[in-house]
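What follows is one structure encoded as structure tokens, with my remarks underneath.
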């Protein structure tokens, strides 16, 4: 078990190294000179040469790579080359809690909707309720999350004035200001995920309810709620846990887009603004931060999986 | 005697073609049938957009931000362009991007997957290391990364989205090949002296098609969503191109005054993706493909 953990952890490190290396070389393979973007107003050959020396861009690529990587290991992502020129690591540390809050609340809302919906759907198979859940789930999967975000703003912020339309308040400003700014974006991010989970719970619950040990429990005369919640549901959750890794992927990808709708300056907004401004150090930093969240969240899910299902052994 | 003759006649009679059997099955499922009908209408309106669209999509001749009316069923936008015409032209781009990206991703991904599964060993290791790396990230994020490198524009979006979907096809194809290559007919082909290329592409590939078709259908809907998302973020097609995502993005500042600019583009996206999902779900049942969800 511990051997497996060590191997998985080392694997995650290797993936991060591969991503960092790919990002480094791909961004340097782009046609066009990023310096032209910084110095577009100067256009002086000497100024460009000076800046190249200052940024170390006149050195061979492998030297740049080693230096860049060495700084990266120390948590130095370089400075933004657009506007304020502040450190990329600071931008990312400010963005990180926003994205994690958004993804976390989206997860909670999605589970709170999907678990009851999936259970009802399975227990009342082929009823009108089941069909409704199925159709709503399909709709949720097919809706672009950014559009859902816009619709939510129109209804709940612009017309009903229940919740703020855009922006973010840190948790230090109080629980409700923080939460109220995140509810609408979290619904937009969590909806496709809720749809997938509801469908999965339905099918895995139906599978479990057909199994022999449930029949035994029934024939012993156990109460039906006891069969459902004590015997069936925990086992029906196992396949759901396997897709938690996918959940992280969905929630993060959703956050990247939806942050831009709700003007939340999280990792997604930082990434997109960096791309639009051709601010390569920021783009690199944001890509690495988003990637690190995926890789380590997946690692966590694998570990969690062994805890939840004792039948699984890794050696 | 008559019995046997009858049975023989039955066996000799041509069975309905595979396509016809699938069509019959799809039409029996109301969700899939609806999906097929809607998709046909969309495809038709995409192809004949210049004939169907009431106005030129870039003609700014009308009242700005006019609500839905008889002249403009879906209203007009902030520059006085007819929204219905723009959305109909948008159907062209969305469907084109969806289908072309999946076609490219399918060819590259299946090619890699078949080679990895068939040759095994070193080839398998190299290909799958890369595929697994990509698998660790959601397709949309990879598409965003790639647009960051390639730059925006329709062609770059197509390249970025297709590369982002390659891993899905590679994994499906490889897992199919691993089971099929143990079949006796593959051994028979080898004994007869068929080359590796012939075995891979003529004998194995056709038998991997069912799950790949299902994966392809699902991927088209994700590719359409990806293009809409990229365009919405300003990372997609060139400004002023009428695509659903860009129309929505442009409309953002005016939505509080003109709800139709926000509602209709999204409905077009949702209805398209929904019909593809319905169809994909039915295809999965028809071809009896287990949902490909295992990640490890």
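The values are calculated or read from the model by the stated rules, or taken from the named source; none is laboratory data. Everything quoted here is computed from the prediction, not taken from an experiment. Note that each Cβ is placed from the backbone with ideal geometry, even for glycine, and that neighbours are counted across all protein chains shown.
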Legend entry - Of residues in the stretch B:261-296 being within 11 Å of chain A (Cβ to nearest Cβ) and modelled with pLDDT under 85, the one surrounded by the most Cβ atoms within 10 Å (Cβ to Cβ): B:261
Inset, instruction - Taking residue B:178 as meeting all but one of (1) within 14 Å of chain A (Cβ to nearest Cβ); (2) in contact with a helix residue (DSSP H, G or I) (Cβ under 9 Å, 6 or more places away or on another chain); (3) touching a residue at least 12 places away in the same chain (Cβ under 8 Å), write down the number of the exception. - result: (1)
Inset, instruction - Would you mind stating whether residue B:125 is out of contact with any helix residue (DSSP H, G or I) (no Cβ under 8 Å at 6 or more places or on another chain) and either over 24 Å from residue B:234 (Cα atoms) or within 12 Å of chain A (Cβ to nearest Cβ) (or both)? - result: yes
Inset, instruction - Could you check, for the stretch B:168-184, whether at least one of its residues is under 25 Å from the mean Cα position of the chain (by Cα), within 18 Å of residue B:87 (Cα to Cα) and buried (at least 19 other Cβ atoms within 10 Å of the Cβ)? - result: no
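If you go through the stretch B:245-260 one residue at a time, how many are within 8 Å of chain A (Cβ to nearest Cβ) and more than 21 Å from residue A:141 (Cα to Cα)?
First, the residues of the stretch B:245-260 that are within 8 Å of chain A (Cβ to nearest Cβ): B:245, B:248, B:252, B:255-256, B:259.
With more than 21 Å from residue A:141 (Cα to Cα) added as a condition, the list becomes B:252, B:255-256, B:259.
Going through the stretch B:245-260 one residue at a time, the tally reaches 4.
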Inset, instruction - Identify all residues within the stretch A:162-196 that are more than 27 Å from residue A:142 (Cα to Cα) and either in contact with a strand residue (DSSP E or B) (Cβ under 8 Å, 6 or more places away or on another chain) or without any contact (Cβ under 8 Å) to a residue 40 or more places away in the chain (or both); write none if there are none. - result: A:169, A:172, A:173, A:174, A:175, A:176, A:177
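For the stretch B:187-205, which positions are without any contact (Cβ under 8 Å) to a residue 60 or more places away in the chain and either within 15 Å of residue B:128 (Cα to Cα) or touching a helix residue (DSSP H, G or I) at 6+ places or on another chain (Cβ under 6 Å) (or both)?
Residues satisfying the conditions are B:189, B:203.
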Inset, instruction - Collect the residues in the stretch A:155-176 that are in a loop (DSSP other than H, G, I, E, B) and surrounded by 13 or more Cβ atoms within 10 Å (Cβ to Cβ), keeping them in residue-number order. - result: A:163, A:164, A:165, A:166, A:168, A:169, A:170
Legend entry - So residue B:237, is it in contact with a helix residue (DSSP H, G or I) (Cβ under 9 Å, 6 or more places away or on another chain), in contact (Cβ under 8 Å) with a residue 60 or more places away in the chain, away from every other protein chain (no Cβ under 13 Å) and under 30 Å from residue B:69 (Cβ atoms): yes
Legend entry - Hits in the stretch B:133-165 - residues which are within 10 Å of chain A (Cβ to nearest Cβ) and farther than 18 Å from residue A:293 by Cβ: B:146, B:147, B:149, B:150, B:151, B:152
Inset, instruction - Just name the residue that is nearest to the chain's Cα centre (by Cα) out of those in the stretch A:234-257 that are surrounded by fewer than 19 Cβ atoms within 10 Å (Cβ to Cβ) and more than 11 Å from chain B (Cβ to nearest Cβ). - result: A:241
Legend entry - Members of the stretch B:245-260 found to be closer than 15 Å to residue B:95 by Cβ and modelled with pLDDT under 80, listed by number: none
Inset, instruction - Name, by its number, the condition in (1) modelled with pLDDT of 85 or more; (2) buried (at least 23 other Cβ atoms within 10 Å of the Cβ); (3) more than 14 Å from chain A (Cβ to nearest Cβ) that does not hold for residue B:242. - result: (1)
Inset, instruction - Go through the stretch A:258-279 residue by residue and tally those that are surrounded by fewer than 24 Cβ atoms within 10 Å (Cβ to Cβ) and either over 18 Å from residue B:253 (Cα atoms) or without any contact (Cβ under 8 Å) to a residue 24 or more places away in the chain (or both). - result: 6
Inset, instruction - Return a yes/no flag: does the stretch B:213-228 have any residue that is within 24 Å of residue B:162 (Cβ to Cβ), more than 14 Å from chain A (Cβ to nearest Cβ), surrounded by fewer than 20 Cβ atoms within 10 Å (Cβ to Cβ) and at pLDDT 85 or above. - result: yes
Legend entry - Complete set of residues in the stretch A:141-154 that are in a helix (DSSP H, G or I), without any contact (Cβ under 8 Å) to a residue 60 or more places away in the chain and either touching a strand residue (DSSP E or B) at 6+ places or on another chain (Cβ under 9 Å) or within 10 Å of chain B (Cβ to nearest Cβ) (or both): A:141, A:142, A:147, A:148, A:151, A:154
